[in-house]
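Report on one structure; see the data block that follows.
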Amino acid sequence: MSERKYRTFVKKTMGGNYLKSKYKQEVIKRIYRIYSKKDPEGTRNLINRIRKYKDVEFIHPLILGGPEKWGNLQLVDSKTSRLLIKQIWEQINK
């Protein structure tokens, strides 16, 4: 299977999760590219914090009609992310 076919397959099966994982990877790459030469240790610490404590979420959630686009994504603290999702589901299920 070619790389292009593989990416298309993964994108179709993962949907929004694929977009979220790519977004997080791109943010990490961008941080590394900009700051690694100026402050290598600070860059490593920042990237590790992003990997451990940040989730990628849609600014306007898909379940509320938000678009599944790159510009609708942001990094959010993991605890905040879970609280927001819980609140949305509670309101939908009322």
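The values are calculated or read from the model by the stated rules, or taken from the named source; none is laboratory data. Small disclaimer: the values here were computed from a predicted structure and weren't measured. Ideal geometry is used to build each Cβ from the backbone, glycine not excepted, and the neighbour counts take in all protein chains shown.
At-a-glance table
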| quantity | calculated |
| --- | --- |
| Flag if K20 is in contact (Cβ under 8 Å) with a residue 40 or more places away in the chain and part of a helix (DSSP H, G or I) | yes |
| Output for the stretch 39-57, where each listed residue is touching a residue at least 12 places away in the same chain (Cβ under 8 Å) and surrounded by 11 or more Cβ atoms within 10 Å (Cβ to Cβ) | T43, L46, I47, I50, Y53, K54, D55, V56, E57 |
| Residue, surrounded by the most Cβ atoms within 10 Å (Cβ to Cβ), within the stretch 58-94, restricted to residues that are among the small types (G, A, S) and assigned to a helix (DSSP H, G or I) | S81 |
| Test result for S36, surrounded by 12 or more Cβ atoms within 10 Å (Cβ to Cβ) and either over 13 Å from the mean Cα position of the chain (by Cα) or modelled with pLDDT of 90 or more (or both) | yes |
